1. What distance in nm separates the simple spin-label points at A37 and T112, each placed 7 Å from Cα in the Cβ direction?
2. For region 81-121, what does the accessible surface come to per residue with a 1.4 Å probe? Please give it in Å².
3. Pull out a ≥ b ≥ c, the square roots of the eigenvalues of the alpha-carbon gyration tensor of region 59-127, then state rounded if a/c is under 1.5, prolate if not and a/b is larger than b/c, and oblate in the remaining case.
4. Quick check: pseudo-label points 7 Å beyond the Cα along Cα→Cβ at W121 and D103, how many nm apart are they?
5. Excluding L73 itself, calculate the net charge of residues whose Cβ lies under 14 Å from the Cβ of L73, where each Lys or Arg counts +1 and each Asp or Glu counts -1.
Amino acid sequence: AAGGAATQEATQPVARRPLPVRTGQRLLVGLVAPDLAPVFAGVQRVLRPGGKLLFCEHGVAPYAGVRRWQDLLDPLWSRLAGGCHLNRPMTSLIASSGFRLEDVQAAYLPGTPRFAGYNTWGAASPD
């Protein structure tokens, strides 16, 4: 793995994954769970001091017209896309879960419908 960081593919949610406590330097986590609190708690459990949560997630758009479509489509989208949500305020959810946001960027991804294409990516460290 690049830079000495181990990569492990896992199918269990991070909150229940049997990973050693305080051993992760960087975790890239899919935030598809219906309740993100256990996911963020699991990330904090696994990250070692100085470790980072890396994220790239689509979420609530900055424009009201697009947000209306996201709100309208989200219930069906969530069922069809395995629990993925269109209208989550990702940076607020991460920050309110005990993380300090770093190097955050956001944009509509080219070639995607606006209701599904607003992405936020960056890193976060436990407070």
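The values are calculated or read from the model by the stated rules, or taken from the named source; none is laboratory data. Keep in mind the model is a prediction, meaning the values are calculated, not measured. With ideal geometry, Cβ positions are generated from the backbone for all residues, glycine too; neighbour counts draw on all protein chains shown. The area values use the complete protein model at the heavy-atom level, side chains included, leaving out ligands, DNA and RNA. Shrake-Rupley method; radii C 1.70, N 1.55, O 1.52, S 1.80 Å.
1. Modelled inter-label distance: 2.8 nm.
2. On a per-residue basis, 51 Å².
3. The shape class here is prolate.
4. It works out to 1.1 nm between the two label points.
5. It works out to a net charge of +3.
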